[in-house]
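These notes are about the structure you will find just below.
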Amino acid sequence: MINKLCIIGVGLIGGSLARALRAAGHVREVSGYGRSIANLQLAVELGVIDRVEVSLADAARLADVIVLAVPVGGMAEILQQLAPLLTDQVIVTDVGSVKGAVVAAARAALGARFPHFVPGHPIAGREQSGVAASVPDLFRHRRVILTPGTETDSTALARVRTMWEAAGAETIELTAEDHDRILSVSSHLPQMLATCLMDMVVRHDDHRAILDCAAGGFRDVTRIAGSDPVMWRDICLTNRDAMVNALRQYHVELRDLISAVEKGDGEWLLDTFTRAKHARDALNRNK
Ligand code: NAD
């Protein structure tokens, strides 16, 4: 049970976590801190948080657990501001989509309190953002990747693990480096492809006709292009090396595909479509 939870950045993910923990009876009081007072007031009206904190000092005071749920690019500054305000008991965790950069920022900012920082990333989300889009079951049966290091305090880790389990999720652990490499392919690359396709089509001479003729496939593939631009800019800027590797790998695949289409290499095309179909069918079966 968490006595006082403080969410910094009460949007889709922070709001959904607050809702899930309230629904599970795992938290006594939830406060929120953020940039937009109107958004925080909406969070109170929606019953997501109990109170709005007007300063980080108030937010940090008496909190047992502080969850950083702002875009990755904003984490370092908040960690620096939080560092001198933290009491000995408080655990800080985050939900950022990139882990290496957030862990480095926490290490630099928190000093002796760094072991009480537990990095995390829920593998759940949607293309809408903001507290109005938050739901209590966003994390149910979803995975949350925790990326503790050797210094991470085992009690802090256990509390964060229990918090996510109370929200309905299953937790797994990876190193921050493995997380960023794996997610660059499983999450960041699909977003880049959806964004590129949507952006290419909208700038195409025939874009009206193309969109008029777009069927389910186009909608499925481009759905996540509607995600928050700030979040994705920050992910690109903070997971640069892994993302460039993933994009280069995909570039090679595209180059081979172009060459097969150009040459009319039916055997290569059939092999590739068949291999991908089997892999996709297996993913459906294992869902
Ligand atoms: P969101 O836009 O819905 O919410 C972010 C909130 O943080 C907003 O209320 C915003 O006002 C506030 N905020 C932004 N910058 C701030 C700052 N500097 N100081 C204080 N408050 C600030 O975004 P979200 O989708 O909830 O994403 C939050 C975090 O969760 C990001 O780090 C993102 O990488 C991660 N994440 C997102 C998803 C997803 O699908 N959306 C999934 C997993 C993890």
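The values are calculated or read from the model by the stated rules, or taken from the named source; none is laboratory data. Bear in mind that the values here come from a model prediction, so they are computed numbers and not experimental data. Note that each Cβ is placed from the backbone with ideal geometry, even for glycine, and that neighbours are counted across all protein chains shown.
Summary table below
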quantity	calculated
Residue in the range 216-236 that is farthest from the ligand (Cβ to nearest atom), counting only those that are more than 18 Å from Gly11 (Cβ to Cβ) and among the hydrophobic types (A, V, I, L, M, F, W, C)	Phe218
Matching residues, the range 49-71, being part of a loop (DSSP other than H, G, I, E, B) and of a type outside the set (Gly, Ala, Ser)	Ile49, Asp50, Glu53, Val54, Arg61, Leu62, Asp64, Val70, Pro71
Index of the failed condition, Arg35 passing every other in (1) more than 20 Å from Val95 (Cα to Cα); (2) of a type in the set (D, E, K, R); (3) within 12 Å of the ligand (Cβ to nearest atom)	(1)
Residue that is nearest to Ala101 (Cα to Cα) [pool: residues in the range 237-259 that are buried (at least 18 other Cβ atoms within 10 Å of the Cβ) and within 16 Å of the ligand (Cβ to nearest atom)]	Thr238
Residues within the range 250-274 that are under 24 Å from Met192 (Cα atoms), without any contact (Cβ under 8 Å) to a residue 40 or more places away in the chain and not β-branched (Val, Ile, Thr), tallied	10
So Arg61, is it touching a residue at least 24 places away in the same chain (Cβ under 8 Å) and either of a type in the set (Val, Ile, Thr) or farther than 14 Å from Gly14 by Cβ (or both)	yes
Residue, nearest to Asp228 (Cα to Cα), within the range 111-138, restricted to residues that are more than 8 Å from the ligand (Cβ to nearest atom) and among the β-branched types (Val, Ile, Thr)	Val135
Residue check, Ala156 at pLDDT 95 or above, farther than 20 Å from Thr238 by Cα, crowded, with 16+ Cβ neighbours inside 10 Å and among the small types (Gly, Ala, Ser)	yes
Enumeration of residues in the range 75-89 that are among the hydroxyl-bearing types (Ser, Thr, Tyr) and modelled with pLDDT of 95 or more	none
Single match in Val67, Val52, Val48 (criterion: modelled with pLDDT of 95 or more, surrounded by fewer than 24 Cβ atoms within 10 Å (Cβ to Cβ) and among the β-branched types (Val, Ile, Thr))	Val52
Residue tally, condition touching a strand residue (DSSP E or B) at 6+ places or on another chain (Cβ under 9 Å) and either among the basic types (Lys, Arg) or closer than 22 Å to Val230 by Cα (or both), over the range 75-99	10
Unique residue being within 11 Å of the ligand (Cβ to nearest atom), modelled with pLDDT of 95 or more and of a type in the set (Val, Ile, Thr) when the list is Val92, Val103, Val72	Val72
Options Arg219, Arg255, Arg223; residue that is over 20 Å from Gly125 (Cα atoms) and of a type outside the set (A, V, I, L, M)	Arg255
Pair list, Cβ under 8 Å, 6 or more apart: the range 197-212 residue closer than 17 Å to Arg223 by Cα and without any contact (Cβ under 8 Å) to a residue 40 or more places away in the chain, other residue surrounded by fewer than 12 Cβ atoms within 10 Å (Cβ to Cβ) and not hydrophobic (A, V, I, L, M, F, W, C)	none
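Matching residues to (1) more than 14 Å from the ligand (Cβ to nearest atom); (2) surrounded by 18 or more Cβ atoms within 10 Å (Cβ to Cβ):
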residue: Arg142; (1), (2): no, no
residue: Glu173; (1), (2): yes, no
residue: Arg181; (1), (2): yes, yes
residue: His188; (1), (2): no, yes
